[in-house]
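Chemist: First the structure, which I've put down as C-alpha cells, then a few questions once you've had a look.
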Amino acid sequence: MSEPSLPHPPANPEMPLKGAKGSGMNGQSTGYSSTFGPIGRKPDIATRVKAEEIRLLIDLGQSSTTPIFIGIIIVGLAFWGTSPLWATGVVLAIQIIAQTYFNHVRAGFRADPDVVINASLWARRYTIGTFLSGLTWGVGGLLWLHEGTFEQQVFYSLVLSSVSVATVITRATFPPAVITYISTAVTPTVVIMLIQHDPLQLATVGLALMFLYTLVAWTRRISRAYRETIRLRFENVDLVERMARAHAATEQKRFDAEAAEQRAKAADRAKAEFLDILGHEVSTPLESLSAMARQLGSEPLSAAQVNLADTMRASSDELKRLFNDMIDFSQMEARTLELNPTHFDAVDFVKSIVRDMRPLAAKRHLSLELDVVPSSLTAIRTDATRLRQVLTNLISNGIKYTESGGIILRMQLTDQPGGKNALRFSVIDTGIGLTPDARKHLFEGFAKGIKENSDGTGGANFSGGMGLGLAISDRLVRLMGGKIEVDSAPGQGSSFWFLLPCDSPASNEATTDVPVLASFAPRNSQRLIDHDYLYELERELGPDEAADHMVDALTVILILYEEIERARREGNAHDLKAKAQSLQTAADAIGLVAIAEAARIIAAQGADTRAEEVPYLHKRISETWGQLARAYPGIIMNEPDA
C-alpha cells in the first residue's frame, strides 16, 4: 500500500523548473525560468497515517459496488409476495444515489493536491455516503417488513448481519463510518421487531444487538491494528531515508578523505622535489664558499680577517646543514625516507663520534667523554649514518647549551620484555637544564630555541631558532624502532636518551606513529550538496526540526533568486551583487555548495556579470533540488502559482 500521490519535484536533476522566460543584463533572452513553486515539507507521521487510513477506506469500499446491487435484487425477490415491486425500486434508487455520491467523493479525493492535510474532511464526506448506503437497508426494512412474517424478519436480520460484517471488513480503518452505516441500516428493523412485543422477536433483537456490539468492538481493534501497521511502514520508510542520507554522508567523507590523501601525497612529492632541487642547487655554491673561506683562512691575514674567514666558513657549513635537515624532514613527513641498516661494531662507532666531536667541545673549554658499560654488545644492526646524525645532533646541542663542565655519551645494554636486548644511548650534559614547558615542545618541527630564565633560577625556555635538529632526531629514532626521551630540571643539566633494538627494522614499517603534518582539502566544486553537513544538522536538530530549517532556508533562497532575476532584468548591478551575496550565505548555511558557488561568481562579477551566469544559477538550483528531493523526500516543492 502506497502513500497518496503528492506533487513532487522533478526526479531528473537536469529537468528545468517551470516559469516565465527572462532576459540577461544586456537584454538577451535566456529562455530560463524565473519562477519556482513554494517549498514545504511532508506532514508528520500522524497526519500521513490518518490520510492513509482514509485512502484505504475510500479504495476498499469500491470493491463492494456490484455485490451490493445484486444483493438488493435477491432480497427484493425474496419479499415478492408480501411487498410491492416499487419497494425494491425505491431501495435500488437510494443505493444508486449513494453510489453516485461515493464516486464523486473518490474522484475529489484523488484529485486533491492537499489530500493528506484534508484527509479528515474527506472522511466526513465519505461518512455521509455511508449514511446514504446504510439508508438503503433501513428503508428496505420499512418497506419489505411492513407486512412480513417472523421468518422474513429473521431472514432480513441475517441479511443485515452479513452487510454489517462486510462493512466492517471494508471500512474498519475509519470506525465512525462503520457505526454510521450499521446504525442507519439496522435501526428501522430493530424498531419494527420491538414494537410487536413478541418474546421471540425481543430475544432475536437482543442477540442481534450483542452481535453488532461485538462487530463494533472488532472494528476498533482492527482500526488500531491498521493504524499501527501503517505507522510502522511510514517509520520504516523514514528510517530507510535517514540511513540513505547517513550512507551518502559516509561516502562523501570517504571521497573527501581519499581526495585529501591524494592531494597530500602530491603536495609531499612536490615539496620533496622542490627541496631536492633547492638542496642540490644551493649545496654547490655553499661548498665553494666554504672552501674559499678555508683557503682564505690559510693566507697571511690579520686577526680580524681570520675571524671573518672563520665566520664565513661556519655560516656556509651551517646553511648546508640546515638544507640537509630540511630535505630529511620533508622526506620523513612524506614517509619516503628509507633506512639502510647494516651490521657494525657499536663501540668503535661511538668512539669515532666522540673523537670527531671532541675538538668542538674543546673550543668551548668543555670535556666530552665516552662511557661504555662493559657488558654492551659489540655489534648492532641499524642505519649507521642516521644513528650518527642523531648522536651528533644531541652532542652538538649539549655543547651549545653548556657553559661549564662537560658532556658524556653513554652506551649500555638493557633487557627488554620478551627476552630481547636493546642498546641505550644517553647524551648527558651539565648545562642549565630545561623547564617543563620547554620539554613539552622540544621535539616539534621548527621549535623555538633556548635561553636561560630571566629570573636567574636556571633552566631553559624557548626563544631563538633551534631549527629541525631535535625534530629530525626524534623522527629518525622512531624510524629505527625507538623513541627519544629527555630527563632534565632547571639548573641540573639534561639527559637525552633513547633505546634501539639490537636488530632495527629493515624497512619503513616503524613509521606508522611518526607525526605527519595535517592537510586540509578544498571543497569539491562539482558537488551539489554537502551531505555530511546536512546529516550532522539532522542529528543535532532531529528530522522534523532539520526539515523545517531546510524549508525556511530554501524559501529564502528561492526568494533571493527571484530578486536576482529582477535585478538582472532591470540592470541594477548593486542589487544584483547584494542579493547574490545573500544567496551565497543562505546556501552555504544549509550545505548547498553548488548554489553557493554559482551565487559567489555573480557576486564577484557584480556589474560585469555575464548574461549566462544567472541562467547557470537557475540550472544549479534545478540540479540541486533534484538531488535534494531524492535525499529528502519529506521536502516538497508545490506547483508554482499560475
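Chemist: For the range 107-150, give me the residue count where each residue is of a type in the set (A, V, I, L, M, F, W, C) and open to solvent by 20 Å² or more (accessible area, probe 1.4 Å). Explain how you work it out, then say what you get.
Modeler: Taking the range 107-150 as the starting set, the residues that turn out to be of a type in the set (A, V, I, L, M, F, W, C) are 107, 109, 111, 115-117, 119, 121-123, 128, 131-132, 135, 137, 139, 142-145, 150.
Restricting the remaining residues to those that are open to solvent by 20 Å² or more (accessible area, probe 1.4 Å) gives 107, 111, 117, 121-122, 128, 131-132, 135, 139, 142-143, 150.
Total satisfying the criteria: 13.
Chemist: Which pairs do you get when a residue that is assigned to a helix (DSSP H, G or I), found in the range 384-396, comes within reach of a residue that is crowded, with 22+ Cβ neighbours inside 10 Å and among the polar types (S, T, N, Q), reach meaning Cβ atoms under 8 angstrom, with the pair 6+ apart or on two chains?
Modeler: Within 8 Å, the pairs are 389/473; 390/473; 393/473; 394/473.
Chemist: Sticking with this one: Taking residue 584 as the residue in question, decide whether it is at pLDDT 85 or above, open to solvent by 20 Å² or more (accessible area, probe 1.4 Å) and either assigned to a helix (DSSP H, G or I) or of a type in the set (A, V, I, L, M) (or both).
Modeler: On the way: at pLDDT 85 or above: yes; open to solvent by 20 Å² or more (accessible area, probe 1.4 Å): yes; either assigned to a helix (DSSP H, G or I) or of a type in the set (A, V, I, L, M) (or both): yes.
So residue 584 fits the description; yes.
Chemist: Okay, next question. Being modelled with pLDDT under 80 and open to solvent by less than 20 Å² (accessible area, probe 1.4 Å) is the filter here; which residues of the range 617-630 pass it? Full working, then the answer.
Modeler: Of the residues in the range 617-630, the ones modelled with pLDDT under 80 are 625-630.
Once the filter is applied, which keeps residues that are modelled with pLDDT under 80 and open to solvent by less than 20 Å² (accessible area, probe 1.4 Å), the range 617-630 yields 625, 626, 628, 629.
Chemist: Have a look at 244, 272 and point out the one that is part of a helix (DSSP H, G or I), at pLDDT below 85 and either over 29 Å from residue 537 (Cα atoms) or charged (D, E, K, R) (or both).
Modeler: On the way: 244 fails: either over 29 Å from residue 537 (Cα atoms) or charged (D, E, K, R) (or both).
Of the residues listed, the single one that is part of a helix (DSSP H, G or I), at pLDDT below 85 and either over 29 Å from residue 537 (Cα atoms) or charged (D, E, K, R) (or both) is 272.
Chemist: Look at residue 481 and say whether it is among the small types (Gly, Ala, Ser) and at pLDDT below 75.
Modeler: On the way: among the small types (Gly, Ala, Ser): yes; at pLDDT below 75: no.
In short, no.
Chemist: Continuing with this model, one more query. Can residue 284 be described as open to solvent by 50 Å² or more (accessible area, probe 1.4 Å), at pLDDT 70 or above and among the hydroxyl-bearing types (Ser, Thr, Tyr)? Show your work before the answer.
Modeler: Numbers: open to solvent by 50 Å² or more (accessible area, probe 1.4 Å): yes; at pLDDT 70 or above: no; among the hydroxyl-bearing types (Ser, Thr, Tyr): yes.
The answer is no for residue 284.
Chemist: Considering each of 153, 196 in turn, give the residue that is surrounded by 19 or more Cβ atoms within 10 Å (Cβ to Cβ) and modelled with pLDDT under 85. Give the steps one after another, and end with the answer.
Modeler: Details: 196 fails: surrounded by 19 or more Cβ atoms within 10 Å (Cβ to Cβ).
Step by step, each of 153, 196 is checked, and only 153 is surrounded by 19 or more Cβ atoms within 10 Å (Cβ to Cβ) and modelled with pLDDT under 85.
Chemist: Related question: Exactly one of these conditions fails for residue 455: (1) modelled with pLDDT under 80; (2) open to solvent by less than 70 Å² (accessible area, probe 1.4 Å). Give me its number.
Modeler: For residue 455, the exception is condition (2).
Chemist: Which pairs turn up if I take residues in the range 403-421 that are farther than 14 Å from residue 369 by Cα and assigned to a strand (DSSP E or B) and look for partners that are open to solvent by less than 70 Å² (accessible area, probe 1.4 Å) and among the hydroxyl-bearing types (Ser, Thr, Tyr) with beta carbon separation below 9 Å, at least 6 apart in sequence or on another chain?
Modeler: 412/376; 412/426; 413/376; 421/414
Chemist: Being farther than 30 Å from residue 477 by Cβ, assigned to a loop (DSSP other than H, G, I, E, B) and either modelled with pLDDT of 70 or more or among the basic types (Lys, Arg) (or both) narrows it down to one of 299, 338, so name that one. Break it down into steps so the answer makes sense when it comes.
Modeler: Working: 338 fails: farther than 30 Å from residue 477 by Cβ.
Just one listed residue meets the conditions, 299.
Chemist: Right, next: Could you list, in sequence order, the residues of the range 47-70 that are open to solvent by less than 20 Å² (accessible area, probe 1.4 Å) and modelled with pLDDT of 85 or more?
Modeler: First, pick out the residues of the range 47-70 that are open to solvent by less than 20 Å² (accessible area, probe 1.4 Å): 48-49, 51-54, 56-58, 61.
Correct list: 48, 49, 51, 52, 53, 54, 56, 57, 58.
Chemist: Something else: Looking at the range 208-238 only, could you name the residues that are of a type in the set (Phe, Trp, Tyr) and at pLDDT below 85? Spell out the reasoning first.
Modeler: Of the range 208-238, the ones of a type in the set (Phe, Trp, Tyr) are 211, 213, 218, 226, 234.
Result: 234, single match.
Chemist: Mind checking which residues of the range 159-193 are crowded, with 17+ Cβ neighbours inside 10 Å, out of contact with any Gly (no Cβ under 6 Å at 6 or more places or on another chain) and β-branched (Val, Ile, Thr)?
Modeler: 159, 163, 167, 168, 173, 178, 179, 180, 182, 186, 190, 192, listed by residue number.
Chemist: Among the residues of the range 466-483 satisfying the criterion of being of a type in the set (A, V, I, L, M) and either without any contact (Cβ under 8 Å) to a residue 60 or more places away in the chain or assigned to a loop (DSSP other than H, G, I, E, B) (or both), which is nearest to residue 406 (Cα to Cα)?
Modeler: Of all residues in the range 466-483, those of a type in the set (A, V, I, L, M) come to 466, 468, 470-472, 476-477, 479-480.
With either without any contact (Cβ under 8 Å) to a residue 60 or more places away in the chain or assigned to a loop (DSSP other than H, G, I, E, B) (or both) added as a condition, the list becomes 466, 468, 480.
On the way: 466: 21, 468: 24, 480: 28 Å.
Applying the filter and picking the extreme gives 466.
The values are calculated or read from the model by the stated rules, or taken from the named source; none is laboratory data. Given the structure is predicted, the values throughout are model-derived calculations rather than measurements. In this analysis, Cβ positions are derived from the backbone assuming ideal geometry, glycine residues included, and neighbour counts consider all displayed protein chains. Heads up: the accessible areas ignore ligands, DNA and RNA and are worked out on the full protein's heavy atoms, side chains in. Shrake-Rupley method; radii C 1.70, N 1.55, O 1.52, S 1.80 Å.
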